[in-house]
1. Can you find, within region 311-357, the residue that is surrounded by the fewest Cβ atoms within 10 Å (Cβ to Cβ) among those that are free of Cβ contacts under 8 Å to residues at least 24 places away in the same chain, of a type in the set (Ser, Thr, Tyr) and more than 19 Å from LEU32 (Cα to Cα)?
2. Would you call THR35 farther than 23 Å from MET5 by Cβ and touching a residue at least 24 places away in the same chain (Cβ under 8 Å)?
3. When you scan region 225-272, how many residues do you find that are in a helix (DSSP H, G or I), among the charged types (D, E, K, R) and closer than 26 Å to LEU202 by Cβ?
4. Identify, from the list ALA18, ALA51, ALA59, ALA47, the residue that is at pLDDT below 95 and surrounded by 18 or more Cβ atoms within 10 Å (Cβ to Cβ).
5. Only residues that are open to solvent by 50 Å² or more (accessible area, probe 1.4 Å) and either outside any helix (DSSP H, G or I) or touching a residue at least 24 places away in the same chain (Cβ under 8 Å) (or both): list them for region 114-130, please.
6. Do we find a residue being at pLDDT 95 or above and surrounded by fewer than 17 Cβ atoms within 10 Å (Cβ to Cβ) anywhere in region 178-192?
7. Considering only residues that are without any contact (Cβ under 8 Å) to a residue 60 or more places away in the chain, open to solvent by 20 Å² or more (accessible area, probe 1.4 Å) and of a type in the set (A, V, I, L, M), look in region 262-310 and name the one that is nearest to ASP197 (Cα to Cα).
8. May I ask you to say which residue of ARG4, ARG66, ARG29 is assigned to a helix (DSSP H, G or I), open to solvent by 50 Å² or more (accessible area, probe 1.4 Å), under 30 Å from GLU334 (Cα atoms) and among the basic types (Lys, Arg)?
Amino acid sequence: LDTRMRERSRRRDDGVAAIRKVYGEEVLRTSLADTLGLYDVGTVMTALTNAMDITVHQALLHVRMRLDAMSGIDDYQFSIIAMGRLGGGEIGYYSDADVMFVYEPGETLTPAQREALPSHAKQIALTVTSELEARSAEPVVDIDADLRPEGKSGPLVRTLTSYANYYSTWSEPWEAQALLRARPIAGDHRLGKAFIDLIDPLRYPREVPESSIMQMRRLKARMESERLPRGGDKKRHLKLGTGGLSDVEWTVQMLQLQHAHSHPELRTTSTLGALHAATDKKLIDKDSAHKLEEAWIIASRVRSAAVLYKGRGSDSLPTDETELEAIALLLGYEAGGGYQLVDDYLGATRRARKVMEHVFFGFEPEDV
């Protein structure tokens, strides 16, 4: 993929469009393997994540080559850090790419170049974003930088020193949680590693204050009450619903924040990788971990199957019988298995929610 993207984009003004075309071919190849039952959900996520990583990296290289030549500024490092599901290696078909941008000036810059570099670095980020998102070519790769410090109101691009100053002074508990999935995917390797070295003490703290735990719990409860679609069925929402993806991921992330400093095995951006490590270290019992994994996998599989059937994303287990039947068939159920899929999904997520309420919210455990 890396070679194909580089060769197709070389010496072309529309090089990023050529890179996107290769990305689209890889998504199609993956979806065909998925539909034919050759790939399980983990393999699909890995294939899609690899394709996205390489797409963003090659787009950055192409844009830098073009804009650096025009500006005469080239002695600087620039890296793109994946966040969210991309950072976790868990994206689905045509997921957004959650990212942050970081740069560092080189030693040979003239005073004038050093003064111009912040604007130039911002232009690099904006151009990568706009050319990946341009609606004039397919597929569109949506870049989302809202997880950066201060969100939309904060600078799009920061130096490593600026990130360090922010995290040491203003960082909120939710940002440490978000950084659990931070992973360099594009640009200069040394800068990406330096960014990880910077955030590791924040996302793997020696101790999590009780106030931070309470803030996480309040934020999760608020998300459940405010972000679920009005009138939607909470039990069927794949991401924010009862026992859905968010419940599992926040539970695992709580375990990472509390224990990854003492147990380096938990220092992974992967949800299931961290869950397995927590199980091995007896931070959660095997039965509870199995219930969380079961719900996370079935919600992820339904999400992917919905895109394969409809060509667009879906956040809820469908109620339409035709759509439900199609998704069930894609997941390997026998003909007429739509209602069995509903039973399996609701059962798995109900059990996961009970585990989440005990591990994350601290409720007394109940028999499932």
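The values are calculated or read from the model by the stated rules, or taken from the named source; none is laboratory data. Keep in mind it's a predicted model, so treat the numbers as computed, not measured. Note that each Cβ is placed from the backbone with ideal geometry, even for glycine, and that neighbours are counted across all protein chains shown. Surface areas here come from the heavy atoms of the whole protein model, side chains and all, with no ligands, DNA or RNA. Shrake-Rupley method; radii C 1.70, N 1.55, O 1.52, S 1.80 Å.
1. Among them, the one singled out is THR322.
2. yes
3. The number of residues fulfilling the criteria is 3.
4. Details: ALA51 fails: at pLDDT below 95; ALA59 fails: at pLDDT below 95; ALA47 fails: at pLDDT below 95.
Exactly one residue qualifies, and that residue is ALA18.
5. Of everything in region 114-130, those that are open to solvent by 50 Å² or more (accessible area, probe 1.4 Å) and either outside any helix (DSSP H, G or I) or touching a residue at least 24 places away in the same chain (Cβ under 8 Å) (or both) turn out to be PRO118, LYS122, GLN123, LEU126.
6. For region 178-192, residues at pLDDT 95 or above and surrounded by fewer than 17 Cβ atoms within 10 Å (Cβ to Cβ): present.
7. Taking the candidates together, the pick is LEU283.
8. Exactly one residue qualifies, and that residue is ARG29.
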